[in-house]
Each structure stands twice: as C-alpha cells, then as structure tokens.
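To start, the structure under review is shown below, and the notes come after it.
Read-outs throughout are calculated quantities, based only on the coordinates presented, and are distinct from any laboratory measurement. Worth saying up front: this structure is predicted, and the values here are computed from it rather than measured. Here the Cβ is made from the backbone with ideal geometry for all residues, glycine too, and neighbour counts use every protein chain on show.
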Amino acid sequence: MRREPRNSPAIVLRQIDYGESDLIVSLLTSELGVLRGYARGARKSIKRFGPALEPFSQIEIRWQPGRGELLTLLDADIVSTRQGLRLSLTNLALAAYAVEVLEMLLQAGEEQSELYSLLQGYLDYLSVQGDPALARLLFELRLVQHLGYIPHLLHCSECFTLFGEGNIAFDPARGGSLCDTCSDGKSPLSVGLGTLGSLSRSLQTPIGLFDGFRFGSRTLKEGAIMMALILESVLPKIPKSLRFLQQTTGFNEP
C-alpha cells in the first residue's frame with residue numbers, strides 16, 4: 001500500500017546523529033503530539049533540510065509513515081530558527097529544559113494542541129530575551145495544570161477553607177495549600193497568599209501567552225520552589241538539562 005506524504009507544523013525538540021549523514025529527530029506537533037522520524041542524509045542535504053532540523057526551530061515538515069516506530073522525514077521548510085535563543089546561554093538552557101520535560105511526560109501520537117501552543121509561546125518569548133525566571137515559572141505552572149497535577153492554591157486542599165490573609169502552608173503530597181489546622185506545622189513550605197493569588201490569576205490566561213506578565217521577586221522565588229516540589233513528584237527522573245542550568249548558566253535550583 002502506498003504511504004501518502006503528510007505535512008505538519010512542528011517544533012524540533014532534539015536531533016541525534018545516526019550513521020554518517022542521517023538524523024533521528026524528535027518533533028512536537030499540534031495534531032499528533034510527539035513524533036520521531038528518520039531524516040536520511042539530513043546532515044549533508046542542504047536542499048531538503050538545511051538548518052531546519054536544529055533544536056527549537058519552528059518548521060513545516062513533510063513526512064510519511066515508516067515501517068517501524070520512526071516516521072520517514074522527507075523535507076522541511078523553516079518558519080523560524082529562533083536564533084535569538086543563541087544570544088543567551090540561560091535562555092538556551094531553559095529551552096533545552098522545556099523540551100526534555102515535555103518528552104518525559106508526553107505520549108507519542110496523542111493530540112497536544114494546548115502544549116504545542118505553550119511551547120511555541122515559551123520559546124518565542126525566550127528568543128526575544130524575555131525574563132527567564134518568569135518564563136520558566138509560567139511554563140511549569142501551565143504544564144502541570146494541563147496534565148492534571150496542579151494543586152489547590154486559594155483554599156485548603158483538605159478542608160476547603162478559603163484563605164484570607166498571611167502565609168499559607170504548602171505540601172504537594174497532600175494536594176497543595178493547607179490551613180493552619182490541617183497543616184499541623186508539618187508542611188515543607190510556607191508561601192504568601194499574594195503568591196498563590198498571582199499564580200492562580202495567571203492560569204486564567206491563554207496557555208501560550210507570556211508577554212505582559214509581571215511577578216514580584218517573592219512570587220518568583222516562592223513559585224519556583226513550589227514548582228520544584230511538584231515536578232519532583234511528577235517527573236520519572238531528574239532532567240539532565242537541570243544540571244546544565246546550574247553548572248553552565250548559574251541558574252540554580254531553589
């Protein structure tokens with residue numbers, strides 16, 4: 001049976017050299033989620049691929065089903081290479097972190113229009129030198145919300161009491177925010193109500209929107225610690241790119 005070629009808008013997640021001139025490429029598409037394909041001669045073929053398969057590029061890929069799990073990538077047109085990412089080592093490291101986390105958490109072949117928009121907005125924002133701490137916090141927060149891991153923020157996760165003022169205990173293992181009575185002084189983190197309010201409001205905006213946000217230093221610090229605790233319980237292993245963030249850019253974990 002003839003395998004008809006298809007076209008898909010895609011974001012390049014990563015590439016691996018294969019043989020003398022080929023590439024194995026991971027892509028994120030809106031309709032089919034994560035795809036992995038074999039690009040024959042891609043490291044030598046300027047006409048068919050050129051620089052289109054560089055990580056973080058926005059492309060239009062033409063492909064057809066392969067005989068195994070890998071698709072056959074036929075050619076690609078560049079929409080944007082996001083060269084601005086290469087101007088900041090911190091932003092480049094954050095881009096690598098995001099695509100690694102997505103590959104860990106997403107199943108191949110599943111529709112991912114929302115997370116496609118999230119990654120697209122995140123990479124575009126970083127490529128024009130947006131605030132790296134804000135970008136990372138919004139990306140992680142929206143990702144865990146979309147995947148169903150977002151904890152309770154503005155009310156107690158156990159008794160559902162609404163918070164009125166002061167600091168709030170936070171424990172992702174117990175569902176998120178906790179009142180004084182339920183926390184019993186045993187929660188690993190205390191965060192301000194202002195932080196919880198800012199994070200909650202940001203979740204009411206489009207998933208791919210990063211421009212126009214402003215978080216105070218306390219929200220950025222406490223939010224980063226909250227996300228680190230949540231992702232520690234969600235990810236199957238520590239992303240290698242976290243070490244890159246720490247060792248290469250000085251972007252330390254909380």
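Could you put 82, 243 in order, starting from the residue whose Cβ has the fewest other Cβ atoms within 10 Å?
Numbers: 82 22, 243 12.
Fewest-to-most ranking of 82, 243: 243, 82.
What does the charge count near residue 151 come to, summing +1 for each Lys or Arg and -1 for each Asp or Glu among other residues with Cβ under 10 Å from its Cβ?
Values: positive: 174; negative: 171.
Surrounding charge for residue 151 is 0.
Can you tell me which aspartates and glutamates have their Cα less than 14 Å from the Cα of residue 44? Leave out same-chain residues fewer than eight positions away.
Output for residue 44: 17, 20, 22, 54, 75.
Over all directions, what mean area does the Cα convex hull of the chain project, stated in square nanometres? Before the final figure, lay out the partial values.
Details: hull surface 60.9 nm².
One quarter of the hull surface, i.e. the mean projection, equals 15.2 nm².
Provide, as a two-decimal number, the C-alpha radius of gyration of the range 63-126 over 2.2 N^0.38 Å, N being how many residues it has.
Numbers: Rg = 14.1 Å, N = 64, 2.2 N^0.38 = 10.7 Å.
Against the empirical 2.2 N^0.38 Å value, I get 1.32 for the range 63-126.
Go ahead and estimate [θ] at 222 nm for the chain from helices alone: -39,500 (n - 2.57) per DSSP H run with n ≥ 4, summed, over the residue count, rounded to 500.
Values: 7 runs with 89 residues, N = 254.
Estimated from H runs of four or more residues: -11000 deg cm²/dmol.
Using the Cβ atoms and a cut-off under 10 Å, what net charge is assigned to the surroundings of residue 34, where Lys and Arg are +1 and Asp and Glu are -1?
On the way: positive: 36; negative: 103, 110.
Value of the local net charge: -1.
In whole Å and largest first, what semi-axes does the C-alpha gyration tensor of the range 151-254 yield when each eigenvalue is scaled by 5 and square-rooted?
On the way: eigenvalues 123, 65, 32 Å².
So the equivalent ellipsoid measures 25, 18, 13 Å along its semi-axes.
For residue 178, what charge total do you get from the other residues with a beta carbon under 11 Å from its beta carbon, if Lys and Arg give +1 and Asp and Glu give -1?
-2
Two decimals, Cα atoms only, Kirkwood Rh: what is Rg/Rh over the range 103-206?
On the way: Rg = 15.8 Å, Rh = 15.2 Å.
When Rh is taken as the Kirkwood radius, the ratio is 1.04.
Could you give the C-alpha radius of gyration of the range 1-94 expressed as a fraction of 2.2 N^0.38 Å, taking N as the number of residues it contains?
So the Cα radius of gyration is 1.07 times the expected 2.2 N^0.38 Å.
Within the chain, which DSSP H helices have Cα atoms that stretch 20 Å or more along the helix axis and a mean Kyte-Doolittle hydropathy of at least -0.5? Write down the numbers at each step before the final one.
On the way: long enough: 89-105 (24 Å, 1.41); 113-127 (21 Å, 0.12); 132-146 (21 Å, 0.59); 217-234 (25 Å, 0.77).
Both cut-offs are met by 89-105, 113-127, 132-146, 217-234.
What FRET efficiency do you get for residue 6 and residue 204 if R0 is 35 Å and r is their Cβ-Cβ distance, rounded to the nearest 0.05? Could the numbers behind the result be given before it?
On the way: r = 35 Å, r/R0 = 1.01.
Efficiency computed from Cβ-Cβ geometry: 0.50.
How high is the relative contact order of the chain, in percent, with contacts defined as C-alpha pairs under 8 Å that are six or more residues apart?
On the way: 443 pairs, mean separation 40.9, N = 254.
Contact order relative to length: 16 percent.
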